[in-house]
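The values are calculated or read from the model by the stated rules, or taken from the named source; none is laboratory data. Everything quoted here is computed from the prediction, not taken from an experiment. Here the Cβ is made from the backbone with ideal geometry for all residues, glycine too, and neighbour counts use every protein chain on show.
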Amino acid sequence: MSPKQESLIWIAQRGSAMVLIIGLIVHLGAIIAAVQGGISAAEISGRMNGHTGWFVFYLCFLVAVSIHAPIGLRSILIEVTSLPNRSVGLISLLLAVMILAPGLRAIFGLYGVEW
Amino acid sequence: MQQHRNHSNYWAFLVHRISGLVLAVFLPVHMLVLGLAIEDATRFDGFIEWTENPLVKLAETGLIILLAAHLTGGLRVLALEFLPWHDWQKTVIAITGGISLAIGLVFLLNAS
């Protein structure tokens, strides 16, 4: 990675962190509110279905975490393993896909978009 | 214990790293389970029933504490990087721990 690319990764990590701070405060509040009446598929669908505000919120939240977690994993792998850069990149990318793909499916599905 | 490890900033770093790693592993599972809510509501509700198990509830509380610790610890990292250093930033480590435990407790009280 060139110093310029490393800087961009650093900016992406801090930028996504700032989005996640707001997202997590809302998410923690929503969790605590949701568990009071007990969680069920119907409860989650009822909260999400057709609600554009929640849809946009969770979309931003998901994109931010899909950037943030893989970069964090990348930093750990670089520091504690001697894996080649290419493998570290691939593992991180795999984590991004493993969060983003099922996450998008869940958010679009709960909002009510047919695939 | 090595001198550099016996320091609150080292512990804050360690908690941030471990919580981040655990959350990164949890996230794909979290998304897959959410997908069940649309795909197969009965299976999803069966899964939620399993989470009523006290041990699972305790594990969930642990995750909430780790999430809150990563959030508050992240605020600490951003303060270190973007704000000029102040001595109160050392006290903030204890405050982040307190807030994280409090959020976990609020979750546990509401969930049980």
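Values for this structure:
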quantity: Candidates B:Leu71, B:Leu78, B:Leu63, B:Leu67 - the one that is farther than 30 Å from A:Ile39 by Cβ, within 11 Å of another protein chain (Cβ to nearest Cβ) and at pLDDT 90 or above; calculated: B:Leu78
quantity: Helices (runs of 4 or more DSSP H) lying entirely in chain A (those with 3 or more residues that are away from chain B (no Cβ under 11 Å)); calculated: A:3-36, A:52-80, A:85-111
quantity: Scan of segment B:12-37 for residues that are more than 8 Å from chain A (Cβ to nearest Cβ), without any contact (Cβ under 8 Å) to a residue 60 or more places away in the chain, under 22 Å from B:Ile93 (Cα atoms) and not β-branched (Val, Ile, Thr), ordered by number; calculated: B:Phe13, B:Leu14, B:Ser19
quantity: Helices (runs of 4 or more DSSP H) wholly inside chain B that include at least 2 residues being among the acidic types (Asp, Glu) and under 26 Å from A:Gly109 (Cβ atoms); calculated: B:41-50
quantity: Count - residues of segment A:31-86 that are aliphatic (A, V, I, L, M), over 26 Å from B:Val106 (Cα atoms) and more than 15 Å from the chain's Cα centre (by Cα); calculated: 5
quantity: Count - residues of segment A:58-115 that are basic (Lys, Arg) and surrounded by fewer than 17 Cβ atoms within 10 Å (Cβ to Cβ); calculated: 1
quantity: Filter pass, B:Trp50 being modelled with pLDDT of 90 or more and farther than 22 Å from A:Pro70 by Cα; calculated: yes
quantity: Residue match in segment B:48-60 (condition: crowded, with 19+ Cβ neighbours inside 10 Å, within 23 Å of A:Leu95 (Cβ to Cβ) and more than 10 Å from chain A (Cβ to nearest Cβ)); calculated: no
quantity: Test for A:Val56: is it free of Cβ contacts under 8 Å to residues at least 60 places away in the same chain and over 25 Å from B:Thr51 (Cα atoms); calculated: yes
